[in-house]
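Working notes, beginning with the structure itself.
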Amino acid sequence: MRTFLKTLTVLAFFAFGVSADAKFRTVVIDPGHGGHDKGGQWGRVYEKHLALDTAMRLEGHLKNMGYKTIVTRRSDYFISLPQRVAIANRQKNAIFVSVHYNYTWKQDVSGLETFYNRSDSSRLSSLVQSSILKRVRAVNRGSKYARYYVIRHTNIPSILVECGFVSCKSERDRMKSAWFRDSLARGIAEGIHRYND
């Protein structure tokens, strides 16, 4: 009976796209900001809303691939950085992906970038960065080392994805499109899956 159940489990993971010997089966998705913390903003375009929408789309794509997902917030409320890290650190056999949109006072700056903090996250960062750029045409700002709190204090492979600049008009116009946000989410999911191969 035990052998039969194990065989069924293996078949299920192959059917949904996640192999039985995958490195991880859970993705902790962290939509940046929330509540009183709007993040980057221009007029009524708020990073917190863009990040949440993109994160929810990412969850859908990952579930379709057979992954288990945990989302740090599912609506517009504030959650502290230590709380986000605590959620991630309770997970085993998992990775952490924080979704953000960028902002700078220089309105001509645009592009996508992905950050990591530890060596075990460098390849994940590079694969996600290349995958999102295959989905959308944008300036490649690269995969980079950074010391952001949520990727510095997590105990599992962790990245932070910046999905474009709210402060750049041409990029802001694109990110207001559901197609653009969904393309970014698909790209992130594909990068995650490539890392798990």
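What follows is calculated from the coordinates using simple rules that are stated; it is not laboratory data. This is a predicted model, so every value here is computed, not measured. Counting neighbours? That spans all protein chains shown, and the Cβs are built from the backbone with ideal geometry, glycine included.
Could you pull out every residue, at least 5 positions away or on a different chain, whose amide H is within less than 5 Å of the one on Gly66? Hs are placed 1.01 Å off N in the peptide plane, and Pro or chain starts have none.
Under 5 Å from the amide H of Gly66 lies no amide H from a residue far enough along the sequence or on another chain.
Mind checking the dipole of segment 25-196: about its Cα centre, +1 per Lys or Arg Cβ, -1 per Asp or Glu Cβ, Debye to the nearest 20?
For this selection, approximately 240 debye.
Given a 10 angstrom Cα cut-off, can you work out which residue in Asp37, Asp53, Asp173 is the most mobile in a GNM of the chain?
Asp173
Quick check: from the Cα gyration tensor, does segment 37-107 come out rounded (a/c under 1.5), prolate or oblate?
Cα axes put segment 37-107 in the prolate bin.
Please work out which option in (i) 62, 33, 31; (ii) 54, 33, 33; (iii) 59, 43, 21 gives Cα extents along the principal axes in Å calculated from these coordinates, and answer with its label.
The listed entry that was calculated here is (i).
For the chain, what is the number of Lys pairs with C-alpha distance below 12 angstrom, counting only pairs 8 or more positions apart or on separate chains?
4
Relative contact order, percent, of segment 59-197 when contacts are C-alpha pairs under 8 Å separated by at least 6 residues?
The normalised contact order for segment 59-197 reaches 33 percent.
In segment 54-128, what chymotrypsin sites (Phe, Trp or Tyr not before Pro) fall in a loop by DSSP, with at most 14 other Cβ atoms inside 10 Å?
Listed in order of number, the matching sites are Tyr77, Phe78, Trp105.
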